[in-house]
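Some notes on the structure that comes next.
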Amino acid sequence: MSLVKIRVKTGMNEVEIESSIDSLPQVIDAIPSILSKIHSHEEYSMQGNQDHGNLNPVNNPDTMRSAQQSTQIIPEIRVEKDDSLSDIIVKMFKTEWGRQTRRLADVKNVLEHYGLSYPKQSVAVTLLRLAQNGRLRRFKGYDNEFVYTASTELLASVDGNVNTGS
């Protein structure tokens, strides 16, 4: 069965829907309803009511603070001799570490922890290309710096188990 992936971005929010081709018309019909729910929740959040969390965790200051606090955690991966920078970064994001938003500096710190010294620009370009290829998700964070998380496609390839790159 062939799957189709649709991404809809509105403002700072983005929705990704994966569906079979057969059910695509129903999915497309549901998009306005999904967007209206996002907009209504966005307006609700802007009113300052703290009873409900922000639908977009990337732009939520509390989530950003907790992600920054957990930055000290180093993902356990196995770096092989012939691994490219892309391979290493993908291994990092396949772990539990990659399920939270991560900044370029976070990725660079982990690489340095493993004794890998790459120029900041090389890491940035690699992250961008992985995002363009759908392996990572890229968002503008709370402080307008890009943050990255594992894509649903990447997480699906893990098959529910944390892959340590073995």
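Quick check: anything in region 116-124 modelled with pLDDT under 95, surrounded by 14 or more Cβ atoms within 10 Å (Cβ to Cβ) and aliphatic (A, V, I, L, M)? Taking every residue of region 116-124 in turn, at least one turns out to be modelled with pLDDT under 95, surrounded by 14 or more Cβ atoms within 10 Å (Cβ to Cβ) and aliphatic (A, V, I, L, M). Cβ-Cβ distances below 6 Å connect the following pairs, each with a first residue in region 130-144 that is over 12 Å from V90 (Cβ atoms), a second residue that is hydroxyl-bearing (S, T, Y), and a separation of six or more residues or different chains: R137/T149; R137/S151; R138/Y148.
Of the residues screened, T71 is not one that is over 28 Å from S19 (Cα atoms), touching a Pro at 6+ places or on another chain (Cβ under 6 Å) and modelled with pLDDT under 80.
The values are calculated or read from the model by the stated rules, or taken from the named source; none is laboratory data. Predicted, not measured: the structure shown is a model, and the values here were computed from it. For neighbour counting, all protein chains shown are included, and Cβ atoms are generated from backbone atoms with ideal geometry for every residue, glycine included.
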